[in-house]
Structures are given as structure tokens and as C-alpha cells.
């Protein structure tokens, strides 16, 4: 099996992949100080609970937007899985998708993988929205080129900023309010975050389509994607496993090129 590891700014996702299937997934908070031994203790315990063992893993691929966290996971792969991991750290990796940025190395690995996986599935003009630490929009042409995108503050970041800026605004859960006009402070905050980001999504997609002169299919991923798919008809499809699927496809693509 293939171990796919996605190192994000907030969490690291570990997934066991076999063929086209994702057999299991686990996540842990991103901490660049964590050691290879700590990863082994934590991951193997969870794998064992679901009937998997280290010997079941024959290959590994790692994507990262946190450079300082890569070394320990490469060491973990070498010492405990006995394989040299493939590492995707930015958009300079050649997956057969042209990256039309001034500097392709600026493109985060997760955004490249999301665009790559979405294109492999849909093969049409696309926008991928990832509801992560930042809310990102990645644009793919009908020819399968990565054209660029938009980066906005993540929903939780915006909520944290609102709480820290105003002493009387307490912590709330992100939810779908029944009405836009809030009649309590919490209700007003929930409405502002929920409908505010729904409007941001619709506005950016509308402007992208106008700039490109064509309609796009919008794919959403990330933890809050299902919540916002209910907020707007702009989102056509939710794919919670898009980045992991991109890692699996990237591994096969790079393996076939050797």
C-alpha cells in the first residue's frame, strides 16, 4: 500500500491507499518539532486498531506547505517504512500540468495537487475551492493548465480575528443560520461569517467566469466544504479526499515517468 501524507498549515493527514481506494485516514496537528519516532508511535498505534501494520506499506509520498516539517517525515519513512518517500513541496514538480504562474515554485503543493486531481476527474474548465487555513480558489483551463487563483483568509481565521478584535464577541460555532438578519450577537456573527463567505464565493466565481469568458465547474474540498455547498449553487461538487487523491495520482504519474 501507499502511504500518502499531506502536511498542511493546521493539520497533517495520513492516508493508506491501495489501488484507487483510500483504505484509512488519520490526522494530527501540524508541529514542526515532532520527531520521526513520535510519528511512528502515534501512526502505528492507529493503524493497528484498524488491522494495518507497517509492513503493509511499500511506498510513501509527502506533500507539504510547511518546509520545516518535511525532514522528520522523510526520516520516519526511511527508518520505519524502509522506503524513500516522493516529496512534492511546490508547483515546480512536473505532473504533466502546465503551471502558468510567473514563478511556479510559488504554488503550494496542496493547490497543485487539488488542481491536478480535479482535472484528472473532470477534464473541463474548473475552479477548485479549498476551505483550509486559507480559502483558496485555483483555476484550471479547459486544456488542463493551472492558470492561477485567489487566496482569501480562511473562515476560522476570520472568525478568530473578529473575536480578538472585539472583547464582547465570544466564541461561536460556524453554522447555517436560519435567517440573514441576526437578532443576537452570536446570530449576527454566524450570519456574517456564513453568508459573507457565501457571497465571497459567488462573487469571485462570477468574476473568474467573466474574466475567462466561459463557465467553470466548481469543486470544493476541505472541512467546511459541505457546509458551504449548502449555502450556494455556485459549488457543483464536494470532494473531501481531493488532495489525497491528488497525491495518489501524482505518485503513479511520477513512478511511470521513471
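May I ask you to list the residues in segment 144-163 that are over 15 Å from residue 133 (Cβ atoms) and assigned to a loop (DSSP other than H, G, I, E, B)?
Correct list: 144, 145.
In the set 214, 209, which member is closer than 18 Å to residue 122 by Cβ, part of a loop (DSSP other than H, G, I, E, B) and assigned by TED's automatic domain parsing to the domain that holds residue 138?
214
Has segment 102-116 got any residue that is assigned to a strand (DSSP E or B) and not assigned by TED's automatic domain parsing to the domain that holds residue 158?
Looking for residues that are assigned to a strand (DSSP E or B) and not assigned by TED's automatic domain parsing to the domain that holds residue 158, one finds none in segment 102-116, hence no.
Hey, could you check segment 135-145 for residues that are within 19 Å of residue 226 (Cβ to Cβ) and touching a residue at least 60 places away in the same chain (Cβ under 8 Å) and say which is surrounded by the fewest Cβ atoms within 10 Å (Cβ to Cβ)?
Ranking the candidates gives 137 first.
With the checklist (1) touching a residue at least 24 places away in the same chain (Cβ under 8 Å); (2) under 25 Å from the mean Cα position of the chain (by Cα); (3) farther than 16 Å from residue 130 by Cα in hand, flag the one item residue 205 doesn't pass.
For residue 205, the exception is condition (3).
I need the full set of residues from segment 53-78 which are more than 23 Å from residue 9 (Cα to Cα), out of contact with any helix residue (DSSP H, G or I) (no Cβ under 6 Å at 6 or more places or on another chain) and touching a residue at least 40 places away in the same chain (Cβ under 8 Å), in order please.
56, 58, 59
Using beta carbons and a limit of 8 Å, which pairs, at least six apart or on different chains, have the first residue in segment 174-189 and in contact (Cβ under 8 Å) with a residue 24 or more places away in the chain and the second one assigned to a loop (DSSP other than H, G, I, E, B) and surrounded by 14 or more Cβ atoms within 10 Å (Cβ to Cβ)?
Note: pairs meeting the criteria are 174/224; 176/231; 189/169; 189/172; 189/182.
Identify the single condition in (1) at pLDDT below 85; (2) out of contact with any strand residue (DSSP E or B) (no Cβ under 8 Å at 6 or more places or on another chain); (3) under 22 Å from residue 240 (Cβ atoms) that residue 123 does not satisfy, given that it satisfies every other one.
Of the numbered conditions (1) at pLDDT below 85; (2) out of contact with any strand residue (DSSP E or B) (no Cβ under 8 Å at 6 or more places or on another chain); (3) under 22 Å from residue 240 (Cβ atoms), the odd one out for residue 123 is (1).
The values are calculated or read from the model by the stated rules, or taken from the named source; none is laboratory data. No experiment lies behind these values; they were computed from the predicted model shown. Note that each Cβ is placed from the backbone with ideal geometry, even for glycine, and that neighbours are counted across all protein chains shown.
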